[in-house]
1. Within the stretch 125-135, is there a residue that is closer than 22 Å to Leu41 by Cα and charged (D, E, K, R)?
2. Which of (1) in contact (Cβ under 8 Å) with a residue 24 or more places away in the chain; (2) within 18 Å of the chain's Cα centre (by Cα) does Ala82 not meet, given it meets every other one?
3. List every residue pair whose Cβ atoms lie under 6 Å apart, where the two residues are 6 or more positions apart in sequence or sit on different chains, the first residue falls within the stretch 1-16 and is of a type in the set (A, V, I, L, M), and the second residue, located anywhere, is open to solvent by 50 Å² or more (accessible area, probe 1.4 Å) and part of a strand (DSSP E or B).
4. If you go through the stretch 100-118 one residue at a time, how many are buried (at least 20 other Cβ atoms within 10 Å of the Cβ), in contact with a Lys or Arg (Cβ under 8 Å, 6 or more places away or on another chain) and in a loop (DSSP other than H, G, I, E, B)?
5. Looking at the stretch 111-151 only, could you name the residues that are within 20 Å of Gly64 (Cα to Cα), of a type in the set (Val, Ile, Thr) and at pLDDT 90 or above?
6. For the stretch 1-81, give me every one of the strands (runs of 3 or more DSSP E) that falls completely inside it and has 2 or more residues that are surrounded by fewer than 20 Cβ atoms within 10 Å (Cβ to Cβ) and among the aliphatic types (A, V, I, L, M).
7. Take the residues in the stretch 171-211 that are within 16 Å of Leu145 (Cα to Cα) and basic (Lys, Arg), then tell me which one is modelled with the lowest pLDDT.
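The values are calculated or read from the model by the stated rules, or taken from the named source; none is laboratory data. If you're wondering where the values come from, they're calculated on a predicted model, not measured in any experiment. Reconstructed Cβ throughout: ideal geometry from the backbone, glycine too, with neighbour counts over all protein chains shown. Note: accessible area is taken over every heavy atom of the protein model, side chains too, but ligands, DNA and RNA are not part of it. Shrake-Rupley method; radii C 1.70, N 1.55, O 1.52, S 1.80 Å.
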Amino acid sequence: APLVHGETVVALAGEPGRGPAVAHVLGGLTGALKHELRAGLPAVAPPVAWGDVVAIPCASREEGVVVVGFSLTDGAEVFRTAVDAVSSGASRPALVAADGRFIVNLPTGRAVALDAETGEVAWSWSGRASRAEDVPRRLDPVVRLGAVFLPQSPLQVLRPRDGVSLTDLSANTLVPDLVRVDDAGALYIGEESGHLACLELSARLRVLRSV
């Protein structure tokens, strides 16, 4: 689906992983074409935006996953940052914007947060190496309650700005193939096997360690 950001619409042409990515920046009220953003690499996930910058996660044979940022004002490339090697598994990298960060969740068991203005690495998280069957089918991060929920094994709950852990979910043994958080602070974790867990979080989100 197209990305709606304020009064701007960003539509990614083609299919993820096939051919160099081209994103069309349109006026949300008029539909007029403002810019064409050409990353020169295949996109692996939909774009996200923060402020004046839209980021497109792409794949490079030489560098792995590369996040390319463009200005929504003039269409100029702002940054191009390599974050990890591409996994050969079924799961694709996923990207979310929160608190001035573009956070990339990767099938290699890593997450990397980039400064939304400069593309510089703000923080990174690395988990244990997972077997292919333990990598979540969907890696889409969820931003709720001032936290980012990263589908990894186990599920991680981090503060978007600095990557500090906010709660310990290591006791949960389900692979988080689907993650949802409701307004009351209930966390739902669904596994492809059909198992579902519901955890109450609203009173548990606190800094577990300092950096």
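1. Step one: list which residues in the stretch 125-135 are closer than 22 Å to Leu41 by Cα, which gives none.
No: zero hits.
2. (1)
3. From residues that are of a type in the set (A, V, I, L, M), the pairs are Ala11/His24.
4. Number of matching residues: 2.
5. Val112, Thr118, Val121
6. Here the list reads 3-5, 8-12, 22-27.
7. Applying the filter and picking the extreme gives Arg206.
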